Amino acid sequence: MTVLVFVETEAGQVRQASRSAIAAATKLGDVHALVAGDAAASDAAATAAAKVPGVARVLKAGADVLAHELAEPLADLIVALAGDYTHLLAASSAAGKNVMPRVAALLDVQPIPDVMAIVDADTFVRPIYAGNALATVKSSDAKKVLTIRAASFDPAPAEGGSAPVEAVTVTVTDETSRFVSAHTPVSDRPELESARVIVSGGRGLQSAENFHKYLEPLADKLGAAIGASRVAVDSGYAPNDSQVGQTGKIVAPELYIAVGISGAIQHLAGMKDSKVIVAINKDAEAPILQVADYSLVGDLFEIVPALTAAL
Amino acid sequence: MKILVPVKRVVDYNIKVRVRSDGTGVETAGLKMSMNPFDEIAVEEAVRLREKGAATEVIAISIGVQQAQDTLRTALAMGADRAILVLTDESPEPLTVAKILKVLVEREKPELVFLGKQAIDDDMNATGQMLAGLLGWPQGTFASKVEVADGRVDVAREIDGGTETVSLALPAIVTADLRLNEPRYASLPNIMKAKKKPMETLQAADLGVDTTRRLTTVSVSEPPTRKAGVTVSSVAELVEKLRNEARVI
Ligand SMILES: Cc1cc2nc3c(=O)[nH]c(=O)nc-3n(C[C@H](O)[C@H](O)[C@H](O)COP(=O)(O)OP(=O)(O)OC[C@H]3O[C@@H](n4cnc5c(N)ncnc54)[C@H](O)[C@@H]3O)c2cc1C
Ligand SMILES: Nc1ncnc2c1ncn2[C@@H]1O[C@H](COP(=O)(O)O)[C@@H](O)[C@H]1O
């Protein structure tokens with residue numbers, strides 16, 4: 001069996017979430033990695049993808065229409081390449097979730113999102129109801145279209161392989177959708193999905209000013225990424241892409257420190273697979289304490305500075 | 001401009017479901033059901049567009065069992081003009097939903113279909129993208145801001161590293177993210193008025209759509225439970241445990 005993985009790159013490396021998708025794909029068969037972008041970006045992306053161990057071949061699609069990962073041309077491209085592949089995969093990233101269901105519809109396939117485990121070539125485990133239940137589903141489609149939950153598969157390494165690169169001809173021309181602009185601030189902190197430690201804040205921080213003042217020094221000490229609850233994001237304490245949960249990022253770091261977060265079902269959905277969870281909350285009844293390995297009950301405005309100083 | 005808004009009846013977001021002991025699914029009997037939260041946001045946005053004069057009619061559609069008409073009544077009370085209920089036996093999968101919606105799009109000829117980004121029961125996050133694919137329309141998923149002008153819709157989208165804006169030629173598909181708006185509560189007079197708004201009922205079988213499921217559920221299980229944690233009494237104890245017991249710092 002040969003499997004096609006749509007791979008995202010960033011700053012000359014394959015994104016960790018895509019390397020998890022590659023790791024999942026190697027359980028299914030030989031892996032071909034598809035990279036897409038304008039001519040220069042696709043060259044750089046192909047070089048990065050060729051280095052990932054487990055990739056047997058890189059398909060490079062370079063064209064201006066592919067510059068911004070717009071779902072319409074990208075889906076047409078993937079469908080045009082779908083040929084004999086038994087499985088089409090991508091990470092469950094914003095881009096993967098945007099394009100893969102469209103691909104599936106064009107192939108008359110029911111997609112299988114957020115795969116957490118591969119049972120066999122037709123059978124997969126995925127979360128439903130915000131991860132409160134795990135469904136094992138079997139697909140009768142001839143081709144399977146999957147997105148892979150990064151937190152569930154150890155990523156393939158970024159370096160070590162040397163796969164051949166093949167340029168593919170791009171004939172897609174969709175112009176119904178136009179890229180206008182992006183606002184993607186770069187931060188010195190690790191990405192949420194790949195961070196070893198995450199410090200996450202909620203409504204308990206009370207203001208954007210406190211959010212920065214209390215959480216940043218702690219995160220600095222730990223080399224941590226900063227996450228947030230939905231309330232913290234909605235209240236403007238933190239940017240939208242730091243939201244952890246059912247509808248935000250799904251994370252599973254070695255250490256997750258939840259500060260002033262109650263632990264609503266939707267938040268737990270995004271972090272309860274973390275290896276070690278610490279809860280700092282003044283309410284001894286807060287649901288977050290039920291999933292925490294270590295709970296410290298008290299005022300975060302005293303505890304967080306003391307913790308930062310003690311590290 | 002007509003707008004279609006597909007709304008799904010789901011277990012209320014405040015309820016933590018239990019897996020049935022025989023592993024065949026989750027227990028939903030007797031649970032409070034509500035409109036999928038993302039669909040409330042989609043209805044709100046569509047109604048606002050009509051209130052601003054950018055749209056002429058908002059049509060809510062639900063596909064499912066007879067009780068989905070309650071969900072449609074809620075959409076009507078929020079301001080939708082009329083509703084269509086498509087009856088099916090059980091909860092259909094996104095491929096089927098998208099095919100049924102395609103038939104209704106061909107009949108109603110809207111310029112926008114506004115869906116939720118994800119149903120909080122199956123967590124598929126697929127139907128909008130699939131409908132867009134079937135129709136060959138552009139898609140603006142995970143929308144946090146929407147502007148309609150000059151035959152296009154500009155959509156600010158929530159993506160992994162921040163946000164981006166795309167401009168789509170109408171007709172188009174948009175799926176709503178949480179921060180698009182704050183949906184209104186239906187007032188009592190509007191709930192009364194909604195009872196008189198038109199609701200059409202169709203049988204999925206009559207629409208010529210093959211509803212055979214492609215995914216069968218082999219089993220449903222509880223996620224692994226975490227072992228009980230401890231409450232520490234001081235910052236010093238926490239640091240000691242993280243260093244020497246958990247060894248994560
Ligand atoms: C469809 C849908 C999707 C959602 N998706 C997500 C999602 O992806 N992610 C997400 O996070 N939420 C999500 N939510 C929202 C979720 O239901 C909760 O509303 C949210 O997680 C609560 O955020 P919070 O814990 O910061 O606030 P609260 O629930 O208000 O909790 C604040 C906590 O801070 C504590 N606290 C206050 N002051 C102090 C202090 N001085 N010291 C110590 N502790 C203090 C309080 O005891 C409390 O436990 C979603 C909701 C819906 C309807
Ligand atoms: N049975 C249904 N009836 C009406 N709308 C639906 C149905 N299923 C899904 N949808 C729409 O599709 C969106 C995404 O659902 P899903 O792809 O299942 O996560 C929902 O937010 C609804 O807008």
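The values are calculated or read from the model by the stated rules, or taken from the named source; none is laboratory data. Keep in mind that what you see is a predicted model, and the values were worked out from it rather than measured. Please note: Cβ atoms are built from the backbone with ideal geometry, for glycine as well, and neighbour counts cover all protein chains shown. To get the accessible areas, we keep the full protein, side chains included, count just its heavy atoms, and leave off ligands, DNA and RNA. Shrake-Rupley method; radii C 1.70, N 1.55, O 1.52, S 1.80 Å.
Only one of B:83, B:132 is more than 10 Å from ligand 2 (Cβ to nearest atom), part of a strand (DSSP E or B) and either at pLDDT below 95 or open to solvent by less than 10 Å² (accessible area, probe 1.4 Å) (or both). Can you tell me which? Show your work before the answer.
Values: B:132 fails: part of a strand (DSSP E or B).
When all the criteria are applied, what remains is B:83.
Checking the structure you have, find out if any residue of the range A:149-162 is in a loop (DSSP other than H, G, I, E, B), in contact (Cβ under 8 Å) with a residue 40 or more places away in the chain, within 16 Å of ligand 1 (Cβ to nearest atom) and closer than 30 Å to residue A:237 by Cα.
Checked the range A:149-162: at least one residue is in a loop (DSSP other than H, G, I, E, B), in contact (Cβ under 8 Å) with a residue 40 or more places away in the chain, within 16 Å of ligand 1 (Cβ to nearest atom) and closer than 30 Å to residue A:237 by Cα.
I'd like to check something: does the range B:186-206 contain any residue that is in contact (Cβ under 8 Å) with a residue 24 or more places away in the chain, assigned to a loop (DSSP other than H, G, I, E, B), surrounded by 14 or more Cβ atoms within 10 Å (Cβ to Cβ) and in contact with a Ser or Thr (Cβ under 7 Å, 6 or more places away or on another chain)?
Yes: one or more hits.
Within the range B:160-172, restricting attention to residues that are farther than 29 Å from residue A:251 by Cα and open to solvent by less than 10 Å² (accessible area, probe 1.4 Å), which residue is farthest from the other protein chains (Cβ to nearest Cβ)?
First, the residues of the range B:160-172 that are farther than 29 Å from residue A:251 by Cα: B:167-172.
From the residues that got through so far, the ones that are open to solvent by less than 10 Å² (accessible area, probe 1.4 Å) too are B:167-168, B:172.
Numbers: B:167: 5, B:168: 5, B:172: 8 Å.
The extreme case among them is B:172.
List the residue pairs whose Cβ atoms are under 6 Å apart, where the first residue sits in the range A:240-251 and is under 14 Å from residue A:263 (Cα atoms), the second is polar (S, T, N, Q), and the two are 6 or more positions apart or on different chains.
Once the first residue is under 14 Å from residue A:263 (Cα atoms) and sits in the range A:240-251, its partners that are polar (S, T, N, Q) give A:244/A:200; A:245/A:266; A:246/A:266.
Being within 7 Å of chain A (Cβ to nearest Cβ), loosely packed, with under 15 Cβ neighbours inside 10 Å and assigned to a loop (DSSP other than H, G, I, E, B) is the filter here, so list the residues in the range B:223-248 that pass it.
Listed by number, the list holds a single entry, B:226.
Name the residue that is farthest from the chain's Cα centre (by Cα), counting only residues in the range B:126-136 that are more than 7 Å from every other protein chain (Cβ to nearest Cβ) and of a type in the set (A, V, I, L, M, F, W, C).
B:135
Just the residues that are open to solvent by 50 Å² or more (accessible area, probe 1.4 Å) and within 9 Å of ligand 1 (Cβ to nearest atom), please, taken from the range A:193-230.
A:203, A:206, A:230
Got a sec? Which of A:227, A:236, A:245 is under 16 Å from residue B:158 (Cβ atoms) and either in the same structural domain as residue A:150 (by TED's automatic domain parsing) or within 16 Å of ligand 2 (Cβ to nearest atom) (or both)?
Values: A:227 fails: either in the same structural domain as residue A:150 (by TED's automatic domain parsing) or within 16 Å of ligand 2 (Cβ to nearest atom) (or both); A:236 fails: either in the same structural domain as residue A:150 (by TED's automatic domain parsing) or within 16 Å of ligand 2 (Cβ to nearest atom) (or both).
Every option except A:245 fails the conditions.
Among the residues of the range A:170-200 satisfying the criterion of being assigned to a strand (DSSP E or B) and under 16 Å from residue A:16 (Cβ atoms), which is nearest to the other protein chains (Cβ to nearest Cβ)? First the steps, then the outcome.
Of the range A:170-200, the ones assigned to a strand (DSSP E or B) are A:177-183, A:197-200.
In the following step, the residues that additionally are under 16 Å from residue A:16 (Cβ atoms) were identified as A:197-198.
Details: A:197: 7, A:198: 11 Å.
In this case the residue turns out to be A:197.
For the range B:4-38, how many residues meet the condition of being of a type in the set (Ser, Thr, Tyr) and either in a helix (DSSP H, G or I) or near ligand 2 (Cβ under 9 Å from one of its atoms) (or both)? Before you say what the answer is, go through the steps one by one.
Within the range B:4-38, the subset of a type in the set (Ser, Thr, Tyr) is B:13, B:21, B:24, B:28, B:34.
Still in the running and either in a helix (DSSP H, G or I) or near ligand 2 (Cβ under 9 Å from one of its atoms) (or both): none.
Here the count works out to 0.
So if I check each of A:134, A:146, which one is within 18 Å of the chain's Cα centre (by Cα), part of a strand (DSSP E or B) and either buried (at least 21 other Cβ atoms within 10 Å of the Cβ) or in contact (Cβ under 8 Å) with a residue 12 or more places away in the chain (or both)? Talk me through it step by step, then tell me what you get.
Details: A:134 fails: within 18 Å of the chain's Cα centre (by Cα).
Only one candidate qualifies: A:146.
So residue B:45 fits all but one of (1) closer than 22 Å to residue B:215 by Cα; (2) open to solvent by less than 50 Å² (accessible area, probe 1.4 Å); what number is the exception?
(1)
Among B:183, B:223, B:198, which is touching an Asp or Glu at 6+ places or on another chain (Cβ under 6 Å) and of a type outside the set (S, T, N, Q)? Walk me through it before giving the result.
Numbers: B:223 fails: touching an Asp or Glu at 6+ places or on another chain (Cβ under 6 Å); B:198 fails: touching an Asp or Glu at 6+ places or on another chain (Cβ under 6 Å).
One residue alone meets the criteria, B:183.
When the range A:45-56 is examined, which residues are found to be farther than 21 Å from residue A:171 by Cα and out of contact with any helix residue (DSSP H, G or I) (no Cβ under 8 Å at 6 or more places or on another chain)? Don't jump to the end; show me each part of the working.
Restricting attention to the range A:45-56, the residues satisfying the condition of being farther than 21 Å from residue A:171 by Cα are A:47-56.
Those that are farther than 21 Å from residue A:171 by Cα and out of contact with any helix residue (DSSP H, G or I) (no Cβ under 8 Å at 6 or more places or on another chain): A:47, A:48, A:49, A:50, A:51, A:53, A:56.
For the range B:7-26, name all the residues that are open to solvent by 30 Å² or more (accessible area, probe 1.4 Å) and more than 10 Å from chain A (Cβ to nearest Cβ).
Within the range B:7-26, B:8, B:9, B:21, B:22, B:24 meet the criteria.
Can you tell me which residue is nearest to the other protein chains (Cβ to nearest Cβ) among those in the range A:219-239 that are in contact (Cβ under 8 Å) with a residue 12 or more places away in the chain and farther than 16 Å from residue A:187 by Cβ?
A:230
Could you please give the count of residues in the range B:86-103 that are crowded, with 21+ Cβ neighbours inside 10 Å and over 14 Å from the mean Cα position of the chain (by Cα)?
The number of residues fulfilling the criteria is 5.
Here are A:299, A:241, A:283: which of them is within 24 Å of residue B:161 (Cβ to Cβ) and open to solvent by 20 Å² or more (accessible area, probe 1.4 Å)?
Numbers: A:299 fails: within 24 Å of residue B:161 (Cβ to Cβ); A:283 fails: within 24 Å of residue B:161 (Cβ to Cβ).
The conditions single out A:241.
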